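To start, the structure itself, in structure tokens.
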Amino acid sequence: MSFITLEMHGDIAVLSVDNPPVNALSHGVREGLLRHVIAADEDQDVSAIVIICAGRTFIAGADIKEFGKPIEEPYLPDVVTRIEACDTPVIAAIHGTALGGGLEVALACHYRIGTSSSFVGLPEVHLGLLPGASGTQRLPRLVGPAMALDVMLIGRPIPASDAHRMGVLDKLSANDDLLADALSFVPECIAMGPRRIRDFPMPDYPDEIFDAARKKISKNARGQLAPWKIIDCVEVATKTSFDDGLKKEREYFLECMASPQSAGLRHAFLANRQVSKVPGITKDTPQRKLSSAAVIGAGTMGAGIAYNCLAAGMDVTLLDNNDDGLARGRKTVEGLFAGGVERGKISVADRDAGLQRFSTSQDYSDIADVDIVIEAVFESMEIKKAVFSELDKTIKQGAILATNTSTLSIDEIAAVTSRSQDVIGLHFFSPAHIMRLLEIVRGKATADDVIASSLAFAKRLKKFGVVVGNCNGFVGNRMLYNYGRENQFLLLEGAAPEFIDKTMFDWGMAMGPNAVGDLAGLDVGYKVRQERDDLPTDPGFYRIADMLAEMGRFGQKTGKGMYLYEKGSRTPTPDPEVAAMISGEAARLGIEQRDIDPDEIIERCIYGLIVEGARILEEGIAIRSSDIDVVWMNGYGFPAFRGGPMHYADSIGLGKVYAAVCELQERFGATFWEPPKLLKELAESGRKFSDVGTY
Ligand code: 3H9
């Protein structure tokens, strides 16, 4: 297959890259590009070379799927070096997104023209990498080291107008015909001749930028390698020759590429995209029209979901059975819009339009014609069944009836309706307008078009929709149970809440488990446990959480939970009363308290997750191991640079994980630590979780 086509326009050679979907620089593209550039440059009859792309975008970067495997020559740094060395002027014509290696190719060209809707950027940091094809050396020479640092450390795509102002784009294409505009730009470029960024003098910059950048990332990029190396590369660019800078960049790029962090982040990137591929659901699966929604329950979650749907352009009615609740719900929605405007996320016009599409009601007949209902009432089977019976009676046929339950059986809820094919779980995470995870729980009768529509709905809400099977807690909360269980046992065994939290935070979790419990509300988990009759009888099982909830210490909302909170503050302060309560309870249960090493805390909490993840995979509740990772990275603050619990287990090696779980079983018994069959099988056959359905 040819990835590059050559078309002559008079004496101008137009090289068109065609490697769908995003023209990534896979081996064939690099090879073809280099070959054609050399041929055109050596052809005396060619006056200029234009590099343009077919399809939806300019080159979006190196091919992430090739990373981690031996890379075949020609290497990208050599390709860009040769492009810049051309005696014939080379012009990049950019549409869509010129990202990473794509922008590096463009920076090696002598001139750049972009459509006004295009974006450029160096987002490698999000993959645990640095721009490794001269971006760290060329960009500082073009825009100055301070701006270059911002571009590379933030990694966000820059709109064409800004890129033009910064000098990254020399010209904006005013109309839809980029090629025509590029061709008419050529005579100007020929007149100016090849212009090589490598020869640009380094613009002036304040000395302190490197210290300032390092200070900033030590706070924001906990434990990550790539941001540090990006700063080092830019500093090198200011101190040495271009060629020496390139050598350093290559060395650091390969170091980052070999790091487990980059492997984790690359896995996260691909896993987040793989998740929407559901066996049996194709682009031909019909979808239901979803333009109006009703949300039942005007609590924080319900109002958050309503706002989410409004921001996505839907008509939304928030329904609750009491005036106060509705007034509070409306206030929450209005507050979220106001916050959106304040942070520049939403325009005033969009806020006004959103609020126009918003209504509240206490009457089911007002929502009879909506396309989708999302129930977000209290987590009680009895209440949910009552709501669904009412929905079944009142809502038009063909509407999707969704429950936001976080644990309860979709099938049991669906059974009270006469249309279980229309019932699905849509499990949002709090705060609903921020968290990017949506667990889509299919019941045994849920229709394919309802699943397809839910996946499209997730995309519309800018979320990762993960289709999972029906079981208690689904994927996320079912695994959380094990994680929380180990946290609770560790408390009784002598690890202080703040010590556990610091250990898990330092390891990379967004928050420690005890701070999370206080944030979510200890009453929530308590009530869920009260509804279950299948819980282990171990007297230490969630003992401390139960005691706190029974004391009315629900967490942040009551000013006390595992920690104390000053009025209006979310900062947890350790409470000696809780410490005494824990040691008293440990003594009562005959548990000897001891010093516990951080490694043991990490192992027990994380292996608890992995063990349950393995069972979930074994039972087919998750389609593939990477879906479990998507749930944990996007819904539970699992660090993306570790790639999610299943990828993390794979990276340790399942042989080691299995051996450790067997040891834990010996120490703590089989109730909690019996190794899952799948883990044993994979470990013994030298395979990985990712071998069980992967991208
Ligand atoms: C780099 O360049 C290193 C160099 O500095 C040095 C090298 C020596 N490779 O996101 P979407 C696939 S590092 C392979 O859903 P959108 C993606 O998996 C790279 N595949 O679409 C998906 O596949 P599928 C720096 C890629 O419209 C499909 O394309 N560049 C790549 O929402 C559609 O993706 C980046 O980090 C890739 N580079 O967003 C840019 N990119 O259909 C990464 C995408 O099978 N990419 N795919 O599921 C993006 O940010 C977005 O994909 C983009 C399009 C904005 C381009």
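The values are calculated or read from the model by the stated rules, or taken from the named source; none is laboratory data. Bear in mind the structure is a predicted one, so any value in this text is a computation, not a measurement. Because the Cβ atoms are built from the backbone with ideal geometry, glycine has one as well, and the counts that use them run over all protein chains shown. These area figures cover heavy atoms from the full protein model, side chains too; ligands, DNA and RNA do not enter into them. Shrake-Rupley method; radii C 1.70, N 1.55, O 1.52, S 1.80 Å.
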Leaving ligands, DNA and RNA out of it, work out the accessible area of Trp228 with a 1.4 Å probe and give it in Å² to the nearest 10.
-> 90
Compute the Cα gyration tensor for the range 258-413, then decide on rounded, prolate or oblate, letting a ≥ b ≥ c be the square roots of its eigenvalues: rounded whenever a/c is under 1.5, prolate when a/b is larger than b/c in the other cases, and oblate in all that remain.
-> oblate
Helix 76-85 sits at what angle to the longest principal axis of the chain, using alpha carbons and giving 0 to 90 degrees rounded to 10?
-> 30
In nm, to one decimal, how far is the Glu382 label point from the Arg529 one, both placed 7 Å along Cα→Cβ?
-> 2.1
Provide, as a two-decimal number, the C-alpha radius of gyration of the range 235-306 over 2.2 N^0.38 Å, N being how many residues it has.
-> 2.12
Using just the C-alpha positions of the range 325-426 as equal point scatterers, what log10 of I(q)/I(0) does the Debye formula give at each q in 0.11, 0.22, 0.24 1/Å?
-> -0.42, -1.10, -1.19
May I have the extent of the alpha carbons of the range 103-178 along their three principal axes, as whole Å values ordered from largest to smallest?
-> 36, 22, 20
How large is the Kirkwood hydrodynamic radius of the range 368-465, in angstrom, based on all distinct alpha carbon pairs?
-> 13.3
Which whole-number value in Å² is the accessible area per residue of the chain, probe 1.4 Å?
-> 42
What span do the alpha-carbon atoms of the range 233-274 cover on each of the three principal axes, reported in whole Å from largest to smallest?
-> 42, 16, 13
Please say if the range 203-244 is rounded, prolate or oblate, where rounded means a/c under 1.5 for a ≥ b ≥ c the square roots of the C-alpha gyration tensor eigenvalues, and otherwise the choice is prolate for a/b larger than b/c and oblate otherwise?
-> oblate
Ser365 paired with Ser184, simple spin-label distance in nm, labels 7 Å along Cα-to-beta-carbon | 6.3
Those trypsin sites (Lys or Arg not before Pro) from the range 517-588 that are DSSP loop and have at most 12 other Cβ neighbours within 10 Å turn out to be Arg532, Lys567, Arg570
Let me see the pair-distance distribution of the range 419-524: every alpha carbon pair, 5 Å bin width, integer percents in order.
-> 2, 11, 17, 18, 16, 13, 10, 7, 4, 2, 0
Expressed as a whole percentage, what fraction of the accessible surface of the chain belongs to carbon and sulfur atoms when a 1.4 Å probe is rolled over the protein heavy atoms?
-> 52
Over the Cα atoms of the range 44-83, compute the convex hull volume and normalise it per residue, giving Å³.
-> 112
Between helix 27-42 and the chain: long-axis angle, C-alpha atoms, 0 to 90°, nearest 10 | 20
Give the shape of the range 307-371 as rounded, prolate or oblate, defined through the alpha-carbon gyration tensor: a ≥ b ≥ c are the square roots of its eigenvalues, a/c under 1.5 means rounded, and otherwise the shape is prolate if a/b is larger than b/c and oblate if not.
-> oblate
Quick one: Debye curve from the alpha-carbon atoms of the range 29-109 only, equal weights, vacuum; give me log10 I(q)/I(0) at q = 0.12, 0.13, 0.23, 0.26 Å⁻¹ to two decimals.
-> -0.34, -0.39, -1.14, -1.36
Express in Å², to the nearest 10, the accessible area of Met166 obtained by rolling a 1.4 Å probe over the protein heavy atoms while all chains stay in place.
-> 40
Dividing the alpha-carbon radius of gyration of the range 1-144 by 2.2 N^0.38 Å (N being the number of residues), what value is obtained?
-> 0.97
Burial ranking of peptide ranges 193-206, 673-686, 460-473 (average Cβ count within 10 Å, highest at the top) = 460-473, 673-686, 193-206
Note to self: C-alpha centroids of the range 37-56 and the range 586-609 sit apart, in Å, by 64
Over the Cα atoms of the range 256-340, what is the Rg over Rh ratio if Rh follows Kirkwood?
-> 1.19
Debye intensity ratio I(q)/I(0), log10, the chain, q values 0.06, 0.08 Å⁻¹ (C-alpha model) | -0.41, -0.73
Could you work out the helix-only [θ] at 222 nm for the chain, with each DSSP H run of four or more residues adding -39,500 (n - 2.57) and the total divided by the number of residues, to the nearest 500 deg cm²/dmol?
-> -15000 deg cm²/dmol
Quote to one decimal, in nm, the extra length available between Val341 and Tyr75 on full extension: 0.36 nm per residue of separation minus the C-alpha distance between them.
-> 91.2 nm
